[in-house]
Amino acid sequence: MKVEAFPAAGSKVQATDFVVTIGGQAGNASVAIARLGGDARYAGALGGNDDAIANWIIEKLNAEHVDCTHARRIDGAMSSVSLIMLDATGEKMIATRRGEGILSAAPVDAEKTVDSVDAVLLDNRYPNFMMPIVEAATKRGIPRVLDLDRPASIDDPLLNGSTHVVSSAEAMRGTTGEQDFGAALKKLGQTYKGFLAVTVGPDGVYWLDKGEVRHMDAFKVKSVDTLGAGDTFHGAFTLRLVETGDVVEAMRFGAAAAAIKCTRFGGLMGAATRAEVEAFLKERA
């Protein structure tokens with residue numbers, strides 16, 4: 001829902017626009033990958049056939065050419081829903097009701113879930129579901145990209161089982177106790193030995209390169225909706241990483257896809273196509 005400014009406690013504001021859509025980290029990222037020309041497979045826990053929201057999520061993902069055959073449907077469970085407000089700057093405020101009966105779910109068959117895929121993109125909100133996926137992907141020797149969206153312990157097995165960690169600013173600070181991103185990356189890099197980066201919205205991306213902190217500026221755009229931008233970055237990053245093996249190229253590609261998404265209202269419905277991202281990058285070469 002779009003508003004000019006967020007309401008004060010106990011007050012009302014007039015909305016200027018609204019849309020009802022699916023979302024979430026995995027949903028947003030999988031749609032981003034599919035629109036960019038990748039083969040996306042969604043594997044997550046959802047409510048059973050009696051959950052209208054879960055049925056709608058599957059329907060919408062299928063319409064975006066996302067393979068949902070490995071989604072875990074749990075009878076009697078309810079999928080998560082969120083109320084999201086966006087102000088005139090594109091900044092968001094979110095209230096979420098976490099799904100009931102899905103937090104402790106595990107995949108039916110993790111090895112089948114990762115069979116024939118080139119990489120897995122994970123988040124740390126559902127560790128019981130993600131750890132078997134990490135273990136199966138490790139056996140196959142494929143990249144395991146973690147969207148670190150909430151603080152974790154430095155010895156977290158999900159974090160340390162990933163080959164690439166791309167963290168939100170809040171999660172990086174919460175995990176390390178450091179406010180400065182350079183200091184945070186170096187601290188986490190003492191124990192975590194894979195690729196390590198943190199996205200900072202309009203301030204771009206910081207990452208660790210052989211112990212040195214590097215920075216990439218964000219693309220400058222007029223933002224109208226930041227919802228799903230981080231997930232779009234992660235999806236595009238993972239796809240381009242598989243295509244090129246170059247983390248810098250993957251970050252630039254992800255930054256371009258995220259920037260385009262920010263210029264469009266409607267969450268994941270604003271995800272860009274491959275042609276749009278390539279044209280965007282060509283204009284800024």
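FYI, it's all coordinate maths here, none of it is from the lab. No experiment lies behind these values; they were computed from the predicted model shown. All Cβ positions, glycine included, derive from the backbone under ideal geometry; neighbour counts span all protein chains shown.
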Quick one: check the C-alpha center-to-center distance for segment 47-107 versus segment 197-212, whole angstrom.
30
What's the exposure ranking of Phe195, Phe253, going from fewest to most Cβ atoms within 10 Å?
Phe195, Phe253
Where is the GNM fluctuation largest for the chain (alpha-carbon springs, 10 angstrom cutoff): Thr273, Thr69, Thr232?
Thr69
With a 10 Å Cβ neighbour count serving as the proxy for reagent exposure, in which order, fewest first, do Met93, Met269 appear?
Met93, Met269
Prolate/oblate/rounded label for the chain (Cα gyration tensor, a/c 1.5):
rounded
In the Gaussian network model of the chain, springs joining C-alpha atoms below 10 Å, which of Val247, Val20, Val31 carries the largest mean-square fluctuation?
Val20
Calculate the dipole size of the chain relative to its Cα centre from +1 charges on Lys and Arg beta carbons and -1 charges on Asp and Glu beta carbons; express the result in debye to the nearest 20.
280
How would you order 132-138, 76-82 from highest to lowest mean count of nearby Cβ atoms within 10 Å?
132-138, 76-82
